[in-house]
Amino acid sequence: MKNVWQQPLSETYRRLSDDALRSRIRAARAALGSSLVILGHHYQQDDVVEFADFAGDSFELSRRAAAQKNIRYVVFCGVHFMAESADILTPPDVQVILPDLGAGCSMADMANMDQAVECWEQIQQLCPHSTLVPITYINSSAAVKSFVGEHGGAVCTSSNCRQVLQWALAGGAASTTAPCNDSQGNADPPAPPAVNPDIKVLFLPDQHLGRNTAYDMGFPLDSMVVWDPTLDLGGNTAEALARSKFILWKGHCSVHQLFRPEHIEQVRQRYPNMKVIVHPECRWEVVRQADLSGSTSMIVRTIDAAPPGSQWAVGTEVHLVNRLARQHPEQKIIVLSDCQCLCTTMFRIDLPHLCWVLEELVKGNVVNRIQVDDHTRQWATVALERMLSITAGAAR
Ligand code: SF4
């Protein structure tokens with residue numbers, strides 16, 4: 001990948017009023033016509049989502065980008081790893097643009113390729129008779145996805161993590177075993193914990209999603225260790241690593257980590273009829289105490305389908321929660337805590353940056369292109385395609 005930085009935005013754009021920016025964005029959008037698709041992540045500010053052709057979570061949006069025909073440009077209003085996934089999943093002649101290159105993801109930045117290689121080598125050396133299957137959450141760099149693809153593993157999302165872990169525990173790419181689907185396209189009921197003692201899963205980069213999912217599958221907490229990439233053996237003893245089934249990378253989402261069990265207690269005292277729904281990037285103690293947990297899409301679907309009068313305390317990014325509250329005035333919807341649960345990197349994408357990249361495109365200049373190199377693309381595609389084949393037909 002090209003290592004580039006965001007250049008300061010011209011004062012011209014900074015001085016424009018929101019109304020002026022909106023009108024210039026509409027004009028540029030019209031001039032670019034069907035050559036362009038604008039994608040907006042659920043956690044974006046409303047001003048930006050207003051211009052999105054599609055809104056969704058990271059994986060839905062990448063699939064949207066891949067499904068478009070005859071487009072030349074994707075403007076991805078999200079963060080860096082999402083734009084990389086869109087570049088990987090779209091044809092090479094489609095150019096993917098991130099309006100502000102400073103829009104990274106703190107979780108994705110917690111695991112890099114060199115650290116993953118070092119971890120892999122240390123575990124292989126310690127446990128030469130184990131099969132180690134690497135799985136990475138889609139919230140990771142293309143380089144980490146590529147590492148995983150090259151070493152027999154797969155990508156997962158928060159919607160399909162369980163299915164992907166079942167596949168990994170059956171041996172990963174070395175096995176032909178994958179969950180079957182019935183004639184309605186429903187996945188088989190969850191399998192009991194795999195018993196093959198020789199298989200270990202290295203889960204990157206979100207320890208919480210890995211822990212929450214493995215626990216839900218019936219694995220006890222003492223079958224998991226945390227790998228701190230700054231410490232020798234990840235901060236573990238050789239014995240603990242040898243005993244473990246899951247090696248969870250020491251990464252987290254700085255937004256979802258802010259929710260704590262006492263927030264749930266406070267909500268329950270104040271609103272006895274309120275249900276608590278949280279994202280599985282929240283810590284284990286929070287997910288255990290919540291009424292429901294699931295991906296961003298699952299949270300949206302659940303609230304969309306809830307009857308009038310329903311009450312929800314939602315443990316996820318504040319822009320999405322506030323938007324859901326506006327869309328459903330017949331329900332009471334609040335953020336689980338009054339902490340600043342804002343994805344600050346996502347927040348960098350704003351009207352001035354969106355206006356700038358679109359007007360440059362109209363002039364024929366592609367700025368802020370996100371381009372994954374061929375080797376990384378090859379193996380990251382393998383990891384993504386394994387995920388698609390594992391979950392084929394199952395509801396995501
Ligand atoms: S909400 Fe968390 S995981 Fe999602 S982009 Fe922001 S920092 Fe990354």
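The values are calculated or read from the model by the stated rules, or taken from the named source; none is laboratory data. Nothing here was measured: the structure is a model prediction, and the numbers come from that model. Here the Cβ positions follow ideal geometry from the backbone for every residue, glycine too, while neighbour counts run over all protein chains shown. When the accessible area is computed, the model is the full protein with side chains, heavy atoms only, and any ligands, DNA or RNA have been set aside. Shrake-Rupley method; radii C 1.70, N 1.55, O 1.52, S 1.80 Å.
What to note about this one:
- Sorted peptide list for 299-309, 382-392, criterion being average Cβ within 10 angstrom, highest first: 382-392, 299-309
- Rg over Rh for the range 289-396 works out to 1.09, using Cα positions for both radii and the Kirkwood form for Rh.
- Distances between placed amide hydrogens fall under 5 Å for Cys105 paired with His80, Phe81, all partners being 5 or more residues away or on another chain.
- Of all aspartates and glutamates in the structure, those lying under 16 Å Cα to Cα from Lys145, and not within fewer than 8 positions of it along the same chain, are Glu84, Asp87, Asp109, Asp114, Glu118, Asp206, Asp373, Asp374, Glu385.
- Virtual paramagnetic centre 7 Å along Cα→Cβ of Met113, amide N under 12 Å, in the range 364-395: 372-380
- The alpha carbon radius of gyration of the chain, expressed as a multiple of 2.2 N^0.38 Å, is 1.00.
- Residue by residue, the range 88-97 carries 3J(HN,Hα) couplings of 5, 8, 9, x, x, 7, 8, 9, 9, 10 Hz when phi is fed to the Karplus relation 6.51 cos²θ - 1.76 cosθ + 1.60 (θ = phi - 60°); x denotes Gly or Pro.
- When both the range 251-294 and the range 339-387 are represented by their alpha-carbon centers, they are found 30 Å apart.
- For Lys275, the residues whose modelled amide H falls within less than 5 Å of its own, excluding neighbours fewer than 5 places apart on the same chain, are Gln311, Trp312, Ala313.
- Every Cα-Cα pair of the range 45-167 was included, and the share exceeding 22 Å stands at 42 percent.
- Converting phi to 3J(HN,Hα) with the Karplus coefficients 6.51, -1.76 and 1.60 and the offset θ = phi - 60°, the range 155-160 yields 8, 9, 10, 6, 7, 10 Hz in sequence order, with x at every glycine or proline.
- Partner aspartates and glutamates whose Cα lies under 13 Å from the Cα of Lys69, excluding those fewer than 8 positions away in the same chain, are identified as Asp93.
- Within the straight-line cut-off of under 13 Å between alpha carbons, the aspartates and glutamates reachable from Lys245 are Asp198, Asp222, sequence neighbours fewer than 8 places apart in one chain being disregarded.
- Near Ser140, once Lys and Arg are set to +1 and Asp and Glu to -1 for all other residues with Cβ below 12 Å from its Cβ, the sum equals -2.
- Taking only protein heavy atoms and a 1.4 Å probe, the accessible area of the chain is 50% carbon and sulfur.
- Charged neighbours of Phe219, selected by a Cβ distance under 15 Å, balance to +4 (K, R count +1; D, E count -1).
- Per-residue ³J(HN,Hα) for the range 15-20, Karplus 6.51 cos²θ - 1.76 cosθ + 1.60, θ = phi - 60°, Hz, x for Gly and Pro: 7, 5, 6, 4, 5, 5
- Amide H partners (placed H, <5 Å) of Ser293, local residues excluded: Val278
- Å² of accessible area per residue within the range 249-364, as computed with a 1.4 Å probe and no ligands counted: 43 Å²
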